[in-house]
1. Please give the per residue accessible area of region 315-423, computed with a probe of 1.4 Å over protein heavy atoms only, in Å².
2. Using only the Cα atoms of region 241-392, what semi-axes does the equivalent ellipsoid have when each is the square root of 5 times a gyration tensor eigenvalue? Give whole Å, largest first.
3. Over all alpha-carbon pairs in region 249-330, figure out the percentage whose distance exceeds 17 Å.
4. How much length is gained if the chain between Val40 and Arg406 is pulled fully straight, taking 0.36 nm per residue apart and subtracting their Cα-Cα distance, in nm to one decimal?
5. Using a probe radius of 1.4 Å on heavy atoms only, what accessible surface per residue do you get for region 155-301? Whole Å² is fine.
6. Please list the radius of gyration and Dmax for region 139-291, considering alpha-carbon atoms only, with Å as the unit.
7. Give the carbon-plus-sulfur fraction of the accessible surface of region 231-367 in %, rounded to a whole number; probe 1.4 Å, heavy atoms of protein chains only.
8. Would you mind checking which residues have amide H under 5 Å from Cys207's amide H? H placed 1.01 Å from N; only 5 or more apart, or other chain.
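The values are calculated or read from the model by the stated rules, or taken from the named source; none is laboratory data. The model shown is predicted, which means the values in this text are computed figures rather than measured ones. Side chains are part of the model used for accessible areas, which takes the heavy atoms of the whole protein and leaves out ligands, DNA and RNA. Shrake-Rupley method; radii C 1.70, N 1.55, O 1.52, S 1.80 Å.
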Amino acid sequence: MTASDNVLLSSDPVFRDVLLGLLEGCRDLREATARMSETVLNALMSMQADEACGARWGERSEGRVNSRNGYRERGLSTTAGELTLEIPKLRKGSYFPDELIARWGRADAALAAAITEMYVQGVSTRKVEAVAAKLGLGSMSSSRVSSMCAALDAEVDELRTRPLDWQRWCYLWLDATWVRCRVDGRSASQAVVTAIALGEDGRKHFCGADVLDTESYADWGSFLANLRSRGMEGVRLVVSDAHGGLKRAVAERFQGASWQRCTVHLLRDVRGHVHNRADEARASELVKSVFAQRDPLVARAVLRRAVDEISSFSKAAAECLAGAQEDCLAYMDFPAAHWQKIRTNNVQERANREIKRRTRVVQSFPSRASLVRLAGAVLAEEEDAWAQRRVFRPESVAGAWSARVRRVPTELELKTAERRAADVVAQALDRAADRA
């Protein structure tokens, strides 16, 4: 030990005692490094949680805006050894040390993905150990694989069953993606259904996930009933694709909430009824022009004219668009600042892409439990990222619950909207002609 080290240790008794306490019982320098890293990381997370709360843990302060609610443990594998992180939990909102995990947890993320992926495929322990060795993490016994999966199951189960009554939820996105899974000894497509909601805090939260045989009314009804039983209240708008069973279940489980048909899926459905390239361009431009309007009265007028134009070359496409007149424009009853986020199911599409990306290498999952485990873990990672940013400010979100009554437009307003709609449709047809 150098003279400068002696000065440092002797000048700060608290630091010296903590450091000596960590070193006691360590068998070698590698273990000592792991323990010190663990202590430093936990201390940094505790300090960040204090900053989020506006006061130190246990301190009474007028500046406090939140409080602690215990912590959850997360294992972190590093080249120095296995660390146990104690991630603070907050009573309102969530906290996740994204910048710390991103810097220190690359091996942990790679290891978790590799082990889970190999586990669900029934890969041999020898191959698991080979992957762990490539990651620079030493040997990986079958017991450790089992314990990691058990820990992952616990985290996913907590996420899927946690109470939702700690705040109101204004917007709810629902969707399903299909993955093959073994059921009763045979491989069959199973629907991985997920729910993502926006709360009063202005952030997205993962609220539910399950694996279903079909997207029937009964299955969706059971899934939504689970959300309600866990305390989901205040939903003003549900966004999803046009699935009959889902729409009916939403109407029954979330009475009073509007239903928004995803505009992206509607555009695909309309185009699916058109088989001529020039007509497809016209249909696309006409439908897009509807959702480009900022005035609800003009948007409805454009939609009616678009239906008339499309019917000239495809009755089926026109009927598809006409049948969605109210459902595809439900988002316009909410704050204009929210429209871009709530008129499509892109929130779910991004989550589904992550699930597909992680499950693509697995041809068929050995069980529903293994599928739920991996899908839940993917969504848990997504929510960790969401915790670092708001979609809307809380004061903006409050506008979702403001009462809005559609007034009866005057005759002059209707005529003005029709004239504007005629110009919009003409411009859309010109763009389509240029594309063709």
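1. I get 52 Å² per residue for region 315-423.
2. So the equivalent ellipsoid measures 32, 20, 15 Å along its semi-axes.
3. So the portion of pairs separated by more than 17 Å is 44 percent.
4. Taking Val40 through Arg406 to full extension adds about 126.1 nm, to one decimal.
5. So region 155-301 comes to 40 Å² accessible per residue, rounded to a whole number.
6. When restricted to the Cα atoms of region 139-291, Rg and Dmax are 19.3, 61 Å.
7. 44
8. Ala195, Ile196, Ala197
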